[in-house]
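Scroll down for the structure; my scribbles are underneath it.
Here, each number is a calculation from the coordinates, and none is a lab measurement. If you're wondering where the values come from, they're calculated on a predicted model, not measured in any experiment. Here the Cβ is made from the backbone with ideal geometry for all residues, glycine too, and neighbour counts use every protein chain on show.
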Amino acid sequence: MPRQRPGAADSPRRNPGSGTRARSVPPLPPAAPLAADLLRSPRQFAQRLSTTAPQPWRYLGVVALSGLLSGMAYALLVRPAANLAAQVAGGGPPTILTHLSNILGSTFLTALTFAVMWGLGRLGAGRNSRSAEVYGASFVVLPPLLLLVILWILLTPGGAFEPRGLPAGAGAALTQQAALRAAAQTPAAWGLLLATGLGLLGQLGLAFRALGALTGSSSLAWRGVLWPALPALALQALALLPLLVG
């Protein structure tokens, strides 16, 4: 029987390849900030955003939610006018397409507002401004305001939307105009106008601070905010034109 060497049984068996160095795991890419982080600290939002790869579509969900809520608020506000006009014209309720078109119209104008802010903000503040992501995240200001307006509209008594002094036998167009004037004079309509205006000012203020941190220049930040300000205001006014005329 062959003699074992001393300590041979106790020595661990070496696995093949154990001498090779383990492959290093690549670090995970930094996480992008949430849109709500822009409300807490625009500068910290910009610092965290600067460490991520540019993705212009990153906050499109916030834009879509804001547009949908804006369309719902407007559709609820003008719903009594559409109902009255449909009853005078044909004696029945309006089709779902009537209310859906009001929702989609405001949603489209919100998306167009974002596109204008993105494009003109990039022209004003430069390529490194990340204007698509900054302005996309800035729409986080609107959902809380619009939800309050929707609740306000739902709690408004139906008599507030009834037109006053409408002559007997008035046609559908005249009835709808009178009902729109009545809706425009309700506190809920003023709430929607106020939420839209204050929301836009809030977006521009937050964007100014974030753009300044990203570009390192206050003059570029001012240009990135002032260039899209008036076109964005015009688009929001166009979305609420029937109420403004009323």
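So, counting K/R as plus one and D/E as minus one, what does the shell of residues with Cβ under 14 Å around Trp118 add up to? Local net charge: +3. With only Cα atoms counted, the stretch 132-195 has Rg and Dmax values of 16.2, 54 Å.
Between Leu123 and Ala173, the FRET efficiency from the beta-carbon distance, with R0 = 45 Å, is close to 0.60.
Highest first, please rank the peptides 214-227, 31-44 by the mean number of other Cβ atoms sitting within 10 Å of their residues. Provide the component values of the computation, followed by the final result.
Details: 214-227: 18.6, 31-44: 16.7.
So the peptides 214-227, 31-44, ranked by packing, come out 214-227, 31-44.
Computed over the alpha-carbon pairs of the stretch 92-163, the distance histogram in 5 Å steps reads 3, 12, 13, 17, 17, 12, 9, 7, 5, 3, 1, 0 percent, short to long.
As an exercise, use a Förster radius of 41 Å and the Cβ-Cβ distance of Ser50 and Ala160 to find the FRET efficiency, rounded to the nearest 0.05. Please report the intermediate quantities before stating the final value.
Numbers: r = 49 Å, r/R0 = 1.20.
After rounding, the FRET efficiency stands at 0.25.
Give the Debye-formula value of log10 I(q)/I(0) at each listed q (0.10, 0.12, 0.13, 0.19 Å⁻¹), with one equal scatterer per alpha carbon of the stretch 134-246, two decimals each. Summing over Cα pairs of the stretch 134-246 leads to -0.42, -0.56, -0.62, -0.98. The alpha carbons of the stretch 47-122 give a radius of gyration and a Dmax of 17.8, 60 Å, in that order.
The label point for Ser218 and the one for Gln185, both projected 7 Å from the Cα toward the Cβ, are 4.7 nm apart.
Excluding Gln47 itself, calculate the net charge of residues whose Cβ lies under 15 Å from the Cβ of Gln47, where each Lys or Arg counts +1 and each Asp or Glu counts -1.
My count for the surroundings of Gln47 gives +3.
Between Leu238 and Leu34, the modelled label-to-label distance comes to 3.4 nm, taking each label 7 Å out from Cα in the direction of the beta carbon.
On the basis of the beta-carbon distance and an R0 of 30 Å, Leu226 and Phe108 show a calculated FRET efficiency of 0.75.
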